[in-house]
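The values are calculated or read from the model by the stated rules, or taken from the named source; none is laboratory data. Here the structure is a predicted model, which is why all the values come from computation and not from measurement. With ideal geometry, Cβ positions are generated from the backbone for all residues, glycine too; neighbour counts draw on all protein chains shown.
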Ligand SMILES: Cc1cc2nc3c(=O)[nH]c(=O)nc-3n(C[C@H](O)[C@H](O)[C@H](O)COP(=O)(O)O)c2cc1C
């Protein structure tokens with residue numbers, strides 16, 4: 001079956017319509033996004049040996065119809081021991097690649113959303129139980145595995161330390177990121193986001209709290225950035241030039257003496273030189289000692305600072321739930337895009353409602369064309385509804 005879709009028009013092309021910044025297209029290399037909204041990556045902890053299943057089919061297809069121009073597949077382990085939990089998604093062998101194939105085929109048939117994938121390695125936070133089972137480390141004797149990290153420094157005092165990676169281990173993980181990126185490209189995925197945030201492996205290298213190495217991968221900021229930059233370079237080299245590669249970072253550890261915004265700006269500057277296409281600005285996750293002041297859009301000032309200092313395309317994330325709040329972030333130039341996680345689970349048509357409120361348009365598959373109330377009857381563009 002060939003799907004038929006309405007055309008998504010930028011709000012600015014509609015006569016008499018105020019221009020919505022959120023519904024202005026953005027170009028990321030060869031990828032044109034019709035609006036500035038991304039569904040943030042969200043672990044589902046529901047895979048079988050890293051393989052996507054019926055849950056992922058439902059979850060991804062549902063949020064592919066949110067109206068967001070891009071959906072980012074959850075943190076996806078580049079090797080089995082890089083999964084946070086035994087239920088985390090993977091893309092490290094033919095079986096994990098094959099499991100995603102029918103899901104992507106379905107999304108392509110029913111939705112116009114671009115699909116990104118977040119490639120990840122959990123490092124010392126791997127081998128944990130699912131959040132709803134407590135999230136604690138699972139020892140190898142109880143079905144877990146030996147986690148690895150930059151140094152043999154555990155996250156929590158009562159945990160067993162990870163195995164410090166040697167040169168062979170680093171090379172294996174670099175190769176695993178590359179192989180997963182190649183699998184993602186074979187699957188026709190539109191963009192790759194590297195997970196450099198939330199205390200997972202790349203962030204563990206960046207932060208002096210988790211990285212106590214004395215070799216060329218530890219100590220100075222330049223040395224701590226080395227492995228994440230190597231991963232970026234290696235992945236960028238195998239992703240075609242017309243497809244974007246972004247990175248999610250924690251802009252601060254929220255711990256005195258840890259990773260902080262000035263260092264994140266240095267990292268962003270290095271990544272910009274290497275052609276990074278977006279930086280997705282989050283925070284925290286490396287230390288249980290973090291003290292976070294939560295509030296609406298609490299990470300936006302960090303996205304703004306990185307954008308101002310580097311000119312990188314910046315995605316703001318974190319407690320962005322309100323349409324006007326999102327519009328203001330883009331219109332005031334604080335960030336170039338917004339990503340929503342919990343807000344999208346709560347309202348899986350968030351993008352529709354945002355478009356309706358701001359005079360934008362979204363694409364929807366024909367069976368849903370009768371959804372908009374009368375006052376938003378052109379939500380899906382210029383489609384004739386004569387068949388009603
Ligand atoms: C269920 C769930 C799973 C998540 N999994 C990931 C993930 O796989 N990768 C990631 O970078 N962040 C993950 N996050 C964090 C979100 O992407 C986002 O950064 C965070 O929730 C703040 O945004 P929000 O306030 O819109 O939820 C997850 C969040 C939730 C709620």
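Key figures
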item	result
Number of the exception - residue 266 against (1) more than 16 Å from the ligand (Cβ to nearest atom); (2) crowded, with 20+ Cβ neighbours inside 10 Å; (3) under 29 Å from residue 184 (Cβ atoms)	(2)
Filter result (surrounded by fewer than 18 Cβ atoms within 10 Å (Cβ to Cβ) and within 25 Å of residue 43 (Cβ to Cβ)) within region 326-347	342, 345, 346, 347
Residue 104 vs. criteria within 16 Å of the ligand (Cβ to nearest atom), under 19 Å from the mean Cα position of the chain (by Cα) and in contact (Cβ under 8 Å) with a residue 24 or more places away in the chain	no
Residue match in region 115-131 (condition: farther than 15 Å from residue 189 by Cα, within 15 Å of the ligand (Cβ to nearest atom), surrounded by fewer than 24 Cβ atoms within 10 Å (Cβ to Cβ) and in contact (Cβ under 8 Å) with a residue 60 or more places away in the chain)	yes
Wholly enclosed helices (runs of 4 or more DSSP H) of region 281-358 bearing at least 2 residues near the ligand (Cβ under 9 Å from one of its atoms)	342-346
Residue identified as without any contact (Cβ under 8 Å) to a residue 40 or more places away in the chain and more than 21 Å from the chain's Cα centre (by Cα) among 363, 331, 371	371
Candidate set: region 244-263, residues that are in contact (Cβ under 8 Å) with a residue 40 or more places away in the chain and out of contact with any strand residue (DSSP E or B) (no Cβ under 6 Å at 6 or more places or on another chain); chosen: the one surrounded by the fewest Cβ atoms within 10 Å (Cβ to Cβ)	257
Among residues of region 275-290, those that are surrounded by 19 or more Cβ atoms within 10 Å (Cβ to Cβ) and within 30 Å of residue 27 (Cβ to Cβ), counted	8
Criterion violated by residue 55 - all others in (1) more than 14 Å from the ligand (Cβ to nearest atom); (2) over 29 Å from residue 205 (Cβ atoms) satisfied	(1)
Residue match in region 79-97 (condition: more than 13 Å from the ligand (Cβ to nearest atom), in contact with a strand residue (DSSP E or B) (Cβ under 9 Å, 6 or more places away or on another chain) and in a strand (DSSP E or B))	no
Count - residues of region 140-189 that are in a helix (DSSP H, G or I) and more than 21 Å from residue 96 (Cα to Cα)	8
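Residues are listed down the side, and each one gets a yes or a no for (1) under 24 Å from the mean Cα position of the chain (by Cα); (2) more than 15 Å from the ligand (Cβ to nearest atom); (3) modelled with pLDDT under 95; (4) farther than 23 Å from residue 269 by Cβ:
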residue: 179; (1), (2), (3), (4): yes, yes, no, yes
residue: 191; (1), (2), (3), (4): yes, no, no, no
residue: 202; (1), (2), (3), (4): yes, no, no, no
residue: 208; (1), (2), (3), (4): yes, yes, no, no
